[in-house]
Amino acid sequence: MMNNTEYYTDKICIVTGANSGIGYALSEELLKRGGAIVYMAGRSQEKIAKAADQLSAYRDQIRPLIVDVTQQEQVQNGIEETAAEAGRLDLLFNNAGGVGGTIV
């Protein structure tokens, strides 16, 4: 039987709202659990870069993804770009909060 750590091994993940709070903590935990590639998604390139720098031990596993989840086209493009680059997308953690726009 697979344990919780093994489940995340070699998964391709997107975590929205990854620059702080729950999204950051979730990204860190995924990285710790077995070699996942984590696309840390957020609206601010500067904030995502800073968050990724704080997880420098996992630098090879982190990919920044600049996307505003209130903009449907940006969300779609982000998913498509991730799948094209990584060959697939295994898990999407929709953690970002926002007001207005389109709920996807």
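Across the chain, the relative contact order, built from alpha-carbon pairs under 8 Å that are at least six residues apart, equals 31 percent.
So which trypsin sites (Lys or Arg not before Pro) in segment 20-104 are both in a DSSP loop and have at most 14 other Cβ atoms within 10 Å of their Cβ? Please report the intermediate quantities before stating the final value.
Numbers: sites: K32, R33, R43, K47, K50, R59, R88; in loops: R33, R43, R88.
In loop regions of segment 20-104 (DSSP not H, G, I, E or B), the sparsely surrounded trypsin sites (Lys or Arg not before Pro) are R88.
The shape of segment 4-93 comes out oblate: with a ≥ b ≥ c from the C-alpha gyration tensor, a/c is at least 1.5 while a/b does not beat b/c. Extending 7 Å from the Cα toward the beta-carbon at both I22 and E85 defines two label points whose distance is 2.5 nm. With the helix formula -39500 (n - 2.57) applied to DSSP H stretches of n ≥ 4, the chain reaches a computed 222 nm mean residue ellipticity of -11500 deg cm²/dmol. GNM on the chain, alpha-carbon springs under 10 angstrom: the most fluctuating residue among E85, E46, E29 is E85.
So how much slack lies between Q76 and R33, counting 0.36 nm per residue of separation and subtracting their Cα-Cα distance, in nm? Don't skip to the end; give the middle numbers.
Working: separation 43, 0.36 × 43 = 15.48 nm, distance 2.70 nm.
Length difference between fully extended and current span is 12.8 nm.
Throughout, read-outs are computed from the coordinates displayed, never taken from laboratory work. Computed from a predicted structure; not experimentally measured. In this analysis, Cβ positions are derived from the backbone assuming ideal geometry, glycine residues included, and neighbour counts consider all displayed protein chains.
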